[in-house]
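Q: Sharing a structure, written as structure tokens. Questions coming.
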Amino acid sequence: MKHSHILPLVFCIFFSTFFLSIQARHHSHTKQKHSHSHKSYETSPPPSQNYSTPSNILDVRTFGAIGDGISDDTESFKMAWDTACESELPHNIILVPQGFSFIIHSTIFTGPCQGDLVFKVDGTVMPPDGPDSWPKNNSKHQWLVFYRINGMSLEGSGLINGRGQKWWDLPCKPHKGPNGTTLEGPCDSPIAIRFFMSSNLTMHGLRIENSPQFNVRFDGCENVHIESIFIKAPKDSPNTDGIHIENTNDVKIYNSLISNGDDCVSIGSGCYDVDIKNITCGPGHGISIGSLGNHNSRACVSNITVRDSVIKFTDNGVRIKTWQGGSGSVSGVTFNNIHMESVRNPIIIDQFYCLTKDCTNKTSAVTVSNILYTNIKGTYDIRSPPMQFACSDSVPCTNLTLSDIELLPSQGDIVHDPFCWNAYGDLQTLTIPPVFCLIEGTPRFVLENDISHC
């Protein structure tokens, strides 16, 4: 395909920024006790497409798509994409019309494209129904992939239906085998929508349901704006994270509803400058940073804000989870103005994250520092303490700050004590329940080691 007519200077800026994000750019944080230097955000609507300028509207039916919910329309969608991508008009719109259901097999839509592109889904888009219907030569790791795109909006009033039930029922999935066991065997399941090495992306207005695995994933991306989307999967559907980001920066996720069987939003290594606002999350596993540091890896996450959101009927509220043996840091994180409703672990740092019973203590860990919790209120599921700060034996959590926390049991009158382990921080206000277990001051480990850089 032809390359976009972009000035060489812009290419240099973009690629230098991208590769720095992949390598988890070094970030400096002030060492002063309990200082929280965070980027401020202003909520703004997603970039609107200016359809008044010359546009190329490409209905997939004009390329042969049937839309009867039975026929394979993959080639028609690829032809529409190639035509839009190569068009020299500044705006190109691929239209998936309302009232039709289109079957698309695993496909990679590749850029860069000549101009901005809108993928407008007003109808229904579906994959083949389950692993037995999946062509053997097609990847079972992903379904719809957008690769090396600069300037694209995925939007519309339609539905992306991942048809995940038969994938969730594979015996290898958690508790799907006989008597609630997990069996060995083929277990690959496709991510519904994946953006890879792309920039200036918008998602707006879509419904995404029943993904076989992650609903939406961004890898190595920059400048992502997600607005007013609806993601839904059953609460027992395995690994159906709503939105996952990895090595991605400058992310805004606003005004969306997510209910699924895993994290509503999960933030992986190499992410920074992320703002999450007005999300309704649940059921599911809450909003998570991590897991980080698996297989002794290095992980860097910084400048994350979660605010003005509701988390309800989830296993966790706001969570930071790391494996033992990793390195790197999580720093500059703010959780502000969040309402919890019957959440099992409303506030949790878990540096002993493990999916099996044979994980052992290790002497290294991802450092967790400069974390601010403010105005977090609501109710918690009494099966777990309302606040848990389980920090590494060898690398303590530092500069944890709590303000205006009020968490009451969803049942009964007994308020459970918070749990702390090797956690240093302070209280700016009284909390409910009271937190007496945080250690004041700065640990010797921090004084003797420079942990401010990643």
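Q: What spacing in nm lies between the two simple spin-label points modelled at LEU183 and ASN296, each 7 Å away from Cα in the Cβ direction?
A: 3.6 nm
Q: If I stretch the segment between LEU430 and SER228 completely, what's the gain in nm (0.36 nm per residue apart, minus their alpha carbon distance), one decimal? Don't skip to the end; give the middle numbers.
A: On the way: separation 202, 0.36 × 202 = 72.72 nm, distance 3.55 nm.
Separation in residues times 0.36 nm, less the Cα-Cα distance, equals 69.2 nm.
Q: Summing Lys, Arg as +1 and Asp, Glu as -1, what charge do residues with Cβ under 13 Å from the Cβ of ASN200 carry, ASN200 excluded?
A: Summing Lys and Arg as +1 and Asp and Glu as -1 gives -1.
Q: Further question on the same structure: What distance in nm separates the two pseudo spin-label positions at ASN361 and ASP404, each 7 Å out from Cα along the beta-carbon direction?
A: Simple spin-label model gives 3.9 nm for this pair.
Q: Turning to a different aspect of this structure: At 1.4 Å probe radius, can you tell me the per residue accessible area of the stretch 287-441 in Å²?
A: It amounts to 40 Å² per residue over the stretch 287-441.
Q: Separate question: Run through every distinct alpha carbon pair of the stretch 88-214 and return the Kirkwood hydrodynamic radius in angstroms, one decimal place.
A: Averaging 1/r across every pair of different Cα atoms and inverting gives 15.8 Å.
Q: Can I ask one more? I'd like to know how the stretch 334-401 sits against the 2.2 N^0.38 Å rule of thumb: what's its Cα Rg over that expected value?
A: Numbers: Rg = 13.7 Å, N = 68, 2.2 N^0.38 = 10.9 Å.
Compactness ratio reported: 1.25.
Q: On to the next question. Can you give me the distance in nm between label points at GLN411 and HIS141, each placed 7 Å from the Cα along the Cα-to-Cβ direction?
A: 4.3 nm
Q: Ordering GLU227, GLU86 by accessible area with a probe of 1.4 Å, largest first, what comes out?
A: GLU86, GLU227
Q: Any idea what the dipole of the stretch 53-262 comes to, in debye rounded to 20, about its Cα centre with Lys/Arg Cβ at +1 and Asp/Glu Cβ at -1?
A: Dipole about the Cα centre, nearest 20: 400 debye.
Q: Using a 1.4 Å probe on the protein chains only, how many percent of the accessible area of the chain belongs to carbon and sulfur?
A: Using a 1.4 Å probe with all protein chains present, the chain comes out at 52 percent carbon and sulfur.
Q: Report the one residue of LEU183, GLY242, GLY325 whose Cα lies farthest in the direction of the positive end of the charge dipole of the chain (charges on C-beta: Lys and Arg +1, Asp and Glu -1; origin at the Cα centre).
A: Positive-most Cα among the choices belongs to GLY325.
Q: Roll a 1.4 Å probe over the protein chains and send me the accessible area per residue for the stretch 228-285 in Å².
A: Working: 1360 Å² over 58 residues.
For the stretch 228-285, the per-residue accessible area is 23 Å².
Q: Checking the a/c ratio against 1.5 first, then a/b against b/c, what shape does the Cα gyration tensor give for the chain?
A: prolate
Q: Keeping all protein chains in place and using 1.4 angstrom, which order do ASP350, ASP275, ASP315 fall into by accessible surface area, from largest down? Working shown, then result.
A: Details: ASP350 40, ASP275 0, ASP315 70 Å².
These residues rank, largest area first, as ASP315, ASP350, ASP275.
Q: For the stretch 53-262, build the charge dipole from Cβ charges (+1 Lys, Arg; -1 Asp, Glu) around the Cα centre, then report which of LEU95, THR74, SER228 sits farthest towards its positive end.
A: SER228
Q: Helix-only estimate, please: 222 nm mean residue ellipticity of the chain, summing -39500 (n - 2.57) across DSSP H runs of length 4 or more and dividing by its residues, to the nearest 500. Write down the numbers at each step before the final one.
A: Numbers: 4 runs with 37 residues, N = 454.
It comes out at -2500 deg cm²/dmol, rounded to the nearest 500.
Q: Would you mind finding the longest exposed-site-free stretch of the chain, with exposed chymotrypsin sites (Phe, Trp or Tyr not before Pro) meaning DSSP loop and at most 14 other Cβ atoms within 10 Å?
A: 52-435
Q: Where nothing but the Cβ of Lys and Arg (+1) and of Asp and Glu (-1) is charged, how large is the charge dipole of the chain around its Cα centre, in debye to the nearest 20?
A: Working: 33 positive and 44 negative charges, 95 e Å.
Around 460 debye, computed over the chain.
Q: What is the antiparallel percent of DSSP beta bridges lying wholly in the stretch 324-385, to the nearest 5?
A: Working: 1 of 12 bridges.
For the stretch 324-385, the DSSP antiparallel bridge percentage is about 10.
Q: Stretched out fully, how many nm does the piece from GLN98 to CYS354 gain, at 0.36 nm a residue minus the Cα gap? Mind showing how you got there, number by number?
A: Values: separation 256, 0.36 × 256 = 92.16 nm, distance 4.48 nm.
That works out to 87.7 nm of additional length.
Q: Quick one: net charge of THR248's neighbours, Cβ under 10 Å, K/R +1, D/E -1? Provide the component values of the computation, followed by the final result.
A: Details: positive: ARG217; negative: ASP219, GLU222, GLU246, ASP250, ASP273.
Residues close to THR248 contribute a combined charge of -4.
Q: To the nearest 20 debye, what charge dipole does the stretch 284-443 have about its Cα centre, counting +1 at the Cβ of each Lys and Arg and -1 at the Cβ of each Asp and Glu?
A: I would put it at about 480 debye.
Q: Could you tell me how far the Cα centroid of the stretch 232-261 sits from the Cα centroid of the stretch 411-451, in Å?
A: 29 Å
Q: Which trypsin sites (Lys or Arg not before Pro) from the stretch 55-164 combine a DSSP loop assignment with at most 10 other Cβ atoms within 10 Å?
A: Taking the stretch 55-164 and a limit of 10 other Cβ atoms within 10 Å, the loop trypsin sites (Lys or Arg not before Pro) found are LYS136.
The values are calculated or read from the model by the stated rules, or taken from the named source; none is laboratory data. Only a predicted model underlies this, so the values are computations on that prediction, with no experimental measurement involved. Neighbour counts are summed over all protein chains in view; Cβ atoms, including those assigned to glycine, are modelled from backbone coordinates with ideal geometry. SASA here: full protein model, heavy atoms, side chains in, ligands and nucleic acids out. Shrake-Rupley method; radii C 1.70, N 1.55, O 1.52, S 1.80 Å.
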